[in-house]
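Okay, so here's the structure we're looking at.
The values are calculated or read from the model by the stated rules, or taken from the named source; none is laboratory data. Values in this document were obtained by computation on a predicted structure and should not be read as measured data. Using ideal geometry, Cβ is built from the backbone for each residue, glycine included, and neighbour counts are taken over all protein chains shown. Ligands, DNA and RNA are excluded from the accessible area calculation, which covers all protein heavy atoms including side chains. Shrake-Rupley method; radii C 1.70, N 1.55, O 1.52, S 1.80 Å.
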Amino acid sequence: MKVLVFTNLYPNNVMPNHGVFVKERMTTFARLNGDQVKVVAPVPYFPPLKFNWRWKYSQVARQETIDGLEVHHPRFFMPPKFGMSLYGLLMFLSALPAVMKLKRDFDFEVIDAHYVYPDGFAAMLLGFFFKRPVVVSARGSDVNLFSQFPLIRKLLKLTLKKAAAVIAVCQALKDAMINLNIPPAKIAVIPNGVDTAKFFPVSKQAARRQLGLPDDKIILSVGELIPRKGFHVLIEALELLVREHGRQSIHLIIVGEGAYRKTLQDLVASLKLTRHVRLAGAVPHAELNKWYNAADLFCLASDREGWPNVILESLACGTPVVATAIWGTPEILTSEEIGFLTKREARDMAEKLSKALDTHWEHPKIVNFARAYTWEKAARSVSDLFAGVLNGKAINELS
């Protein structure tokens, strides 16, 4: 089978952590049966001038090999003054020459698109142009956020209806697409997985020594520093833990980078939490294992997530989780033996964090739970789905 992956959610030489979950699924897929996979991962065009953070896009390689897969990065125009309704068309037009050139030596049979809009819409147009079926994976905010915009909602529905099949990473996303009048029979729920060769338990003390962390209670959070990840709520919850719960020997470590850093630094200073909070910056994905193992607890305070891989990564290391009860998260945290769900509100979050810090956790049970979700399992489901699409089988006929 020859598969063309099409998405802007893919790592590159400048942003190695971008869309790691797509890379993990498709590199595992390529290894399963020796299927051929190539990736077209467009990046926004920006001139190599350092007057804006977007200049980093100009430094992305035009072509590279990542974990054995050939990856192409054509530029697409995404003018900030244009409405989002044009992004999908612009992505298609910009990527078309690169895909035409690629197809000369790689006659792909199916297009695997990730993120419904604009990526999936552009892939749908590519599928129409090359007469190839398109499978679209919904990831989270592509459906639960963009469906709130009337014109984008129409383009979302068009993309999902024209797709040969649709993958939802959680049941909540499938339900949301059904509410867009997409037939349930064409939507398969295939959760993300976790690489247990990368994420596994090690000694907490050893991990802390390597990272230079204190022997106190540590809460970890990981993600891009943007408002929807809710780090500001978590910091406010930490202030309650210190002030009202009397937890003076507690530390919050936030791993990640982004435009929200200064805002978070100012919040930490205003709440007098400087000695309790560390913004650790970006960390390579392969090195996150030490951070999960060094923590007593992991917390995710997002307001939108599809199937958050950071939760599975933490659990695979034996570290329990407190996370907001949104979208796919309750489908992971199905038992209080592995973690607690919380409202996205500082006081409730502080109470759940305090409870979790006082709980005696059975760490081997947490690890075993996570190991049920492997990338191999996800990749086999994807492989079956692609084969079914090419053989004209409905999703409910697949084993």
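Computed from the Cβ-Cβ distance with R0 of 22 Å, the FRET efficiency linking Thr334 to Lys377 stands at 0.85. About the Cα centre, and with charges only on the beta carbon of Lys, Arg (+1) and Asp, Glu (-1), how big is the dipole of the chain? Nearest 20 debye, please. For this selection, approximately 1080 debye.
Rounded to the nearest whole Å², what accessible area per residue is found for the range 10-163 with the 1.4 Å probe? Spell out each step's value before the answer.
Working: 7070 Å² over 154 residues.
Spelled out: the 1.4 Å probe surface of the range 10-163, per residue, equals 46 Å².
Candidates Ala286, Leu271, Pro214 compared by Cα position along the dipole of the range 213-305: farthest toward the positive end lies Leu271, with charges placed on Cβ.
Given axes a ≥ b ≥ c from the Cα gyration tensor, I'd like to know whether the range 179-286 is rounded (a/c under 1.5), prolate (a/b larger than b/c) or oblate. Numbers along the way, then the final one.
Numbers: a/c = 2.22, a/b = 1.45, b/c = 1.54.
Oblate is the answer for the range 179-286, as a/c is 1.5 or above yet b/c matches or exceeds a/b.
Stretched out straight at 0.36 nm per residue, the stretch from Ala206 to Leu180 would grow longer than its current Cα-Cα span by 4.4 nm. Rounded, prolate or oblate: pick one for the range 38-106, where a ≥ b ≥ c are the square roots of the eigenvalues of its C-alpha gyration tensor, a/c under 1.5 means rounded, and failing that, prolate if a/b is larger than b/c, else oblate. Cα axes put the range 38-106 in the oblate bin. Computed about its Cα centre, the charge dipole of the range 270-372 is approximately 360 debye, with only Lys, Arg, Asp and Glu carrying charge at their Cβ.
Using the Cβ-Cβ distance between Gln63 and Arg278 with R0 set to 30 Å, the FRET efficiency from 1/(1 + (r/R0)^6) comes to roughly 0.20. Between Asn368 and Glu287, the modelled labels are 3.4 nm apart [label points 7 Å from Cα along Cα→Cβ]. Counting only residues at least eight positions apart within a chain, or on another chain, the lysines with an alpha carbon under 26 Å from that of Lys352 are Lys204, Lys217, Lys229, Lys272, Lys290, Lys343, Lys365. Among the protein heavy atoms of the range 78-171, carbon and sulfur supply 64% of the accessible surface, probe 1.4 Å, non-protein parts ignored.
How much of the DSSP bridge set in the range 242-334 is antiparallel, in percent, rounded to the nearest 5? All intermediate terms of the calculation are to be shown ahead of the outcome.
Working: 1 of 8 bridges.
DSSP beta bridges in the range 242-334 are roughly 10 percent antiparallel.
Beta bridges from DSSP with both residues in the range 106-196: antiparallel share about 0 percent, rounded to the nearest 5.
Using the rule -39500 (n - 2.57) for each DSSP H run of four or more residues, divided by the residues of the chain, the 222 nm mean residue ellipticity is -11500 deg cm²/dmol.
Given a 1.4 angstrom probe, I'd like the percentage of the accessible area of the range 183-334 that is carbon and sulfur, rounded to a whole number. Let's see the in-between values first.
Values: 3020 of 5640 Å².
Exposed carbon and sulfur together represent 54 percent of the surface.
Averaged over its residues, the range 332-374 has an accessible area of 54 Å² per residue, based on protein heavy atoms and a 1.4 Å probe. Of the whole protein surface, Glu313 contributes about 10 Å² of accessible area at a 1.4 Å probe radius.
If R₀ is 45 angstrom, what is the calculated FRET efficiency for the pair Leu89 and Ala197, using the beta carbon separation as r and rounding to 0.05? Please report the intermediate quantities before stating the final value.
Values: r = 41 Å, r/R0 = 0.90.
Plugging the Cβ-Cβ distance into 1/(1 + (r/R0)^6) gives 0.65.
Spin-label pair Asn13-Glu70: with each label point 7 Å from Cα along the Cα-Cβ axis, the two points sit 1.7 nm from one another. Once both labels are positioned 7 Å from their Cα atoms along Cα-to-Cβ, the gap between Trp55 and Glu224 label points is 2.1 nm.
What is the antiparallel percent of DSSP beta bridges lying wholly in the chain, to the nearest 5?
Details: 5 of 50 bridges.
Bridges in the chain that DSSP calls antiparallel: roughly 10 percent.
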